[in-house]
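A.B. asks: This is the structure, below, for whatever I ask next.
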Amino acid sequence: MERTRIAVAGASGLIGSALVRSLTADGHEVVRLVRRAARGGDEVCWDPSERYVNTAGLDGCDAVVNLAGAGVGDRRWTQAYKKRIHDSRVLGTTALAEAVAALDRPPRVFVNGSAIGFYGDTGDRVADEDTPAGRGFLPELCVEWEAAAAPAREAGVRTVFPRTGLVVARGGGAWGRLFPLFKAGLGGRLGDGRQYWSYISLHDEVAAIRHLLDRDDLSGPFNLTAPQPLTNREITAAMGRVLHRPTLFTVPEPVLRTALGELADDVLGSQRVVPKRLLESGFAFAFPGIEDAVRAA
C-alpha cells in the first residue's frame, strides 16, 4: 500500500489503536477523529450524537475507517445503555457517511466496522457472509449499523463492512477480562461450554482491515474471524494449556444471567462464523489456531 492519508474514528479503542500503530509504523499519515476541539492537523473534531463532522478535516483523505462505538460488553444492558450502544454506532456511521458523501474529493474507500453479532445465535450451523441476519438486539443493531453507511456507498465510495468476531488480545475486549482469570487459575467454561466462539487474533484483525483498505476490488461484508471456530469448552482447554493453569471452574448459566442480565444471551449464544470471503480474497492468517492466537496476545 502506497503512503496514504487515513482518517480513523475510534482510534483510542483496542482495534483502532493497534491499527493506528500499524499504519504509522509503515509511514502512513493518520488523522484521528476526536470528540473535542482538534489540537492539530492530525485531528478532526466530530460529535457522533449530533451527527456532526468537521468535513474540512477529511479533505484529502484516501480512506476513512470507522471503529467507534460504546463497548457491547462493558456493562449490564439497561435500556439506557442499549440506546448508547445503538446511537454510538448508527448515528456515528450516519455522520461519517454523510460527511464522506459531501466531500468534493471523497476517499476511495470507507471501512465501517460491524460485528458477527449480525448473525445472532447460529447454534452448530456454520455462517458465512451469505447467511441472513439473525433476530434480537445485536443482529438488528448490526443491520441498522451497516445500512447507515448508505450515503457513502451511494456517492460511489467503495464501502466495506468488517464483521469482527471475538478479538484475542491482552489489553481489552472479552479476552482482556479472561486473561487475568485464567492466569489466576480461576478460568473455566461458561455455561455448558458447547457454544461456538468465533475468534481472531488482534494481529490478524489489523492485517485484515489493512487488506480491505488496500484491495480496490473488495466491498461489502467480510467476516473477520479465524477459519475454524471452536466451542467455549475447547477454547477454555486451550487457554489452560498455553497458560499452564487449571481450568476447573464453571460459571453456570443462572449465575451468568443474574450477573449479566440480557448480555448473558450473547455470552451463552453460539456463533459458528467463518471468513469465507476473506479467504477467497487471498488473505493469509498469521495466527489461525487458538493456541497461536493466545500466545501472540
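A.B. asks: Do you know which residues across segment 1-26 are touching a residue at least 40 places away in the same chain (Cβ under 8 Å) and among the aliphatic types (A, V, I, L, M)? Give the steps one after another, and end with the answer.
C.D. replies: Applying the first criterion (touching a residue at least 40 places away in the same chain (Cβ under 8 Å)) to segment 1-26 yields 1, 4-11, 13-16, 18-19, 22-23.
Within segment 1-26, MET1, ILE6, ALA7, VAL8, ALA9, ALA11, LEU14, ILE15, ALA18, LEU19, LEU23 meet the criteria.
A.B. asks: Same structure, new question: Looking for whichever is small (Gly, Ala, Ser), crowded, with 16+ Cβ neighbours inside 10 Å, in contact (Cβ under 8 Å) with a residue 24 or more places away in the chain and in contact with a helix residue (DSSP H, G or I) (Cβ under 9 Å, 6 or more places away or on another chain) here; the options are GLY220, GLY240. Which one fits?
C.D. replies: Numbers: GLY220 fails: crowded, with 16+ Cβ neighbours inside 10 Å.
None of the others qualify; the one that does is GLY240.
A.B. asks: From the list GLY165, GLY173, which one is open to solvent by 40 Å² or more (accessible area, probe 1.4 Å), under 21 Å from ALA264 (Cα atoms), of a type in the set (Gly, Ala, Ser) and within 20 Å of the chain's Cα centre (by Cα)?
C.D. replies: Details: GLY165 fails: open to solvent by 40 Å² or more (accessible area, probe 1.4 Å).
After applying the criteria, what remains is GLY173.
A.B. asks: Another question, then. Please give the number of the condition PHE287 fails out of (1) in contact with a helix residue (DSSP H, G or I) (Cβ under 7 Å, 6 or more places away or on another chain); (2) open to solvent by 50 Å² or more (accessible area, probe 1.4 Å); (3) closer than 19 Å to VAL72 by Cβ.
C.D. replies: Failing condition for PHE287: (3).
A.B. asks: I'd like to check something: does segment 9-22 contain any residue that is closer than 15 Å to ALA68 by Cα and open to solvent by 70 Å² or more (accessible area, probe 1.4 Å)?
C.D. replies: Our first condition is that a residue be closer than 15 Å to ALA68 by Cα; within segment 9-22, this holds for 9-20.
Okay, now just the ones that are also open to solvent by 70 Å² or more (accessible area, probe 1.4 Å), so 12.
Within segment 9-22, one or more residues are closer than 15 Å to ALA68 by Cα and open to solvent by 70 Å² or more (accessible area, probe 1.4 Å).
A.B. asks: Continuing with this model, one more query. Does any residue of segment 223-231 turn out to be at pLDDT 95 or above, crowded, with 19+ Cβ neighbours inside 10 Å, more than 30 Å from CYS61 (Cα to Cα) and touching a Leu at 6+ places or on another chain (Cβ under 8 Å)? If you could, list the steps in order and put the result at the bottom.
C.D. replies: Filtering segment 223-231 for residues at pLDDT 95 or above gives 223-231.
With crowded, with 19+ Cβ neighbours inside 10 Å added as a condition, the list becomes 223-226, 229.
Next, from what is left, pick out any that are more than 30 Å from CYS61 (Cα to Cα): 226, 229.
Restricting the remaining residues to those that are touching a Leu at 6+ places or on another chain (Cβ under 8 Å) gives none.
No, segment 223-231 contains no residue that is at pLDDT 95 or above, crowded, with 19+ Cβ neighbours inside 10 Å, more than 30 Å from CYS61 (Cα to Cα) and touching a Leu at 6+ places or on another chain (Cβ under 8 Å).
A.B. asks: Something else about it: If I ask for residues that are surrounded by fewer than 24 Cβ atoms within 10 Å (Cβ to Cβ) and within 9 Å of TRP145 (Cβ to Cβ), which ones from segment 84-114 would you list?
C.D. replies: HIS86, VAL90 - these are the residues of segment 84-114 that are surrounded by fewer than 24 Cβ atoms within 10 Å (Cβ to Cβ) and within 9 Å of TRP145 (Cβ to Cβ).
A.B. asks: What's the total number of residues in segment 117-156 that are over 14 Å from the mean Cα position of the chain (by Cα), of a type in the set (A, V, I, L, M, F, W, C) and open to solvent by 10 Å² or more (accessible area, probe 1.4 Å)?
C.D. replies: Within segment 117-156, residues that are over 14 Å from the mean Cα position of the chain (by Cα), of a type in the set (A, V, I, L, M, F, W, C) and open to solvent by 10 Å² or more (accessible area, probe 1.4 Å) number 8.
A.B. asks: Considering only residues that are β-branched (Val, Ile, Thr) and within 19 Å of HIS86 (Cβ to Cβ), which ones fall in segment 117-173? Give the steps one after another, and end with the answer.
C.D. replies: Taking segment 117-173 as the starting set, the residues that turn out to be β-branched (Val, Ile, Thr) are 122, 126, 131, 143, 157, 159-160, 164, 167-168.
Within segment 117-173, VAL143, THR164 qualify.
A.B. asks: Among the residues of segment 63-91, which ones are under 15 Å from the mean Cα position of the chain (by Cα) and assigned to a helix (DSSP H, G or I)?
C.D. replies: To start, the set of residues in segment 63-91 that are under 15 Å from the mean Cα position of the chain (by Cα) comprises 65-74, 85-86, 88-90.
Matches in segment 63-91: ILE85, HIS86, SER88, ARG89, VAL90.
A.B. asks: What do you reckon, is GLY60 on the phi > 0 side of the Ramachandran plot, surrounded by 15 or more Cβ atoms within 10 Å (Cβ to Cβ) and either among the aromatic types (Phe, Trp, Tyr) or assigned to a loop (DSSP other than H, G, I, E, B) (or both)? Let's see the steps before the verdict.
C.D. replies: Values: on the phi > 0 side of the Ramachandran plot: yes; surrounded by 15 or more Cβ atoms within 10 Å (Cβ to Cβ): no; either among the aromatic types (Phe, Trp, Tyr) or assigned to a loop (DSSP other than H, G, I, E, B) (or both): yes.
Against the criterion (on the phi > 0 side of the Ramachandran plot, surrounded by 15 or more Cβ atoms within 10 Å (Cβ to Cβ) and either among the aromatic types (Phe, Trp, Tyr) or assigned to a loop (DSSP other than H, G, I, E, B) (or both)), GLY60 does not qualify.
A.B. asks: Another one. Exactly one of (1) assigned to a helix (DSSP H, G or I); (2) open to solvent by 10 Å² or more (accessible area, probe 1.4 Å) is unmet by ALA37. Its number?
C.D. replies: (1)
A.B. asks: For ALA25, all conditions in the list (1) modelled with pLDDT under 95; (2) of a type in the set (A, V, I, L, M); (3) open to solvent by 70 Å² or more (accessible area, probe 1.4 Å) hold save one; what is the number of the exception?
C.D. replies: For ALA25, the failing item is (1).
A.B. asks: Pairs only if they're at least six apart or on different chains, beta carbon under 6 angstrom, first in segment 182-211 and without any contact (Cβ under 8 Å) to a residue 60 or more places away in the chain, second of a type in the set (D, E, K, R) and open to solvent by 40 Å² or more (accessible area, probe 1.4 Å); list them, first residue then second.
C.D. replies: Pairs found: GLY193/ARG233.
The values are calculated or read from the model by the stated rules, or taken from the named source; none is laboratory data. All of these numbers come straight from a predicted model, not from anything done at the bench. Because the Cβ atoms are built from the backbone with ideal geometry, glycine has one as well, and the counts that use them run over all protein chains shown. With ligands, DNA and RNA removed, areas are computed over all heavy atoms of the protein, side chains included. Shrake-Rupley method; radii C 1.70, N 1.55, O 1.52, S 1.80 Å.
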